[in-house]
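The block underneath contains the structure these notes are about, expressed in structure tokens.
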Amino acid sequence: QETEKSRAELERANELKNQLLSVAAHDLKNPLNSVMCFSSIILEETKDEEVKTMAEMINGSSHKMLQLIIDLLEGAALQSKDIKLSIKPVNVGTLIQKVVNEYSIRAEQKKQIIESSIPDILLAEVDSTWFTHALENILSNAVKYSPNSSNIYVSCKEESGNILISVKDNGPGFTDEDKQLLFGKFQRLSAKPTGGETSTGLGLSIVKDIIEKHNGKVWVESEAGKGSNFIISIPVESRV
């Protein structure tokens, strides 16, 4: 009884923590957006190089903070007992292709090429919004950590009642120590972004939460110096 009581108190405290975190992060977004807006205006209008440099620093730092706030809000939402996924039959192939198209544009800035092998029709029961966000996080990391002028490979297939999605890159890969920490929150790993991008250390933990809420799994196959292959597996028929 004491153990159950302690567990219940811990769950209430954790839920309260998530609620407070969500409120605080949400309230920070408006003033932060104002800072970003004003710094952008200064960048466009000033001719003073010193002022322009400072405005760029303000704008860049604001974007980093906004990404952290977004990740905190999403992480808190996924931990909330109130969240309910809107599970519906979806053409997952179409979702994946949209994400590939979006990130191909970003990859071009680093002279990267995203190659894909995606069936036109691949049906599964998912929450389109959350599942798309998991895909975005995985592909965003592939672009972020892969070298310039490298290739990224995205493929998916149905196998034994599951959809398997693979995102393979030629990045730095992960050490055995990295792989133990990979899907934890606020982890700092040995790999570093190749284009000055930022990382909050929350993206993969959010992916893990989303995929597990779809009764699926996510894992990585990787060796240090030999790239990474992130694999998502979800059941075709929802068991949520």
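The values are calculated or read from the model by the stated rules, or taken from the named source; none is laboratory data. All figures in this text were calculated on a predicted structure; none of them were measured in a lab. So basically every Cβ, Gly included, is an ideal-geometry build from the backbone, and we count neighbours across all protein chains shown. All accessible areas refer to the heavy atoms of the entire protein, side chains included, with ligands and DNA or RNA removed. Shrake-Rupley method; radii C 1.70, N 1.55, O 1.52, S 1.80 Å.
Points to keep in mind about this one:
- Among the residues of region 144-190, those identified as in contact (Cβ under 8 Å) with a residue 40 or more places away in the chain, part of a strand (DSSP E or B) and under 27 Å from I113 (Cβ atoms) are I152, V154, C156, E158, I163, L164, I165, S166, V167, K168, D169.
- Residues being more than 25 Å from L122 (Cβ to Cβ) and in contact with a Gly (Cβ under 8 Å, 6 or more places away or on another chain) - total across region 147-162: 3
- Where E74 falls short, out of the listed (1) in contact with a His (Cβ under 8 Å, 6 or more places away or on another chain); (2) modelled with pLDDT of 80 or more: (2)
- Residue match in region 168-177 (condition: modelled with pLDDT of 90 or more and surrounded by 15 or more Cβ atoms within 10 Å (Cβ to Cβ)): yes
- Only listed residue being open to solvent by less than 30 Å² (accessible area, probe 1.4 Å), over 30 Å from P235 (Cβ atoms) and within 16 Å of the chain's Cα centre (by Cα), chosen from L66, L78: L66
- Enumeration of residues in region 91-115 that are over 24 Å from F183 (Cβ atoms) and assigned to a strand (DSSP E or B): N91, I113, E115
- A single member of N30, N59 is modelled with pLDDT under 90, open to solvent by less than 70 Å² (accessible area, probe 1.4 Å), part of a helix (DSSP H, G or I) and not basic (K, R), and it is N59.
- Against the criterion of being within 19 Å of E158 (Cβ to Cβ) and of a type in the set (D, E, K, R), K64 does not qualify.
- Of the numbered criteria (1) at pLDDT 90 or above; (2) within 22 Å of I234 (Cβ to Cβ); (3) surrounded by fewer than 20 Cβ atoms within 10 Å (Cβ to Cβ), the one I83 fails is (1).
- Candidates S146, S116, S166, S86, filtered to the one that is closer than 20 Å to L204 by Cβ and touching a Phe, Trp or Tyr at 6+ places or on another chain (Cβ under 9 Å): S166
- Test for I121: is it over 18 Å from E212 (Cα atoms), of a type in the set (V, I, T), open to solvent by 50 Å² or more (accessible area, probe 1.4 Å) and not in a helix (DSSP H, G or I): yes
- Being under 16 Å from I231 (Cα atoms) and part of a helix (DSSP H, G or I) is a description that applies to I138.
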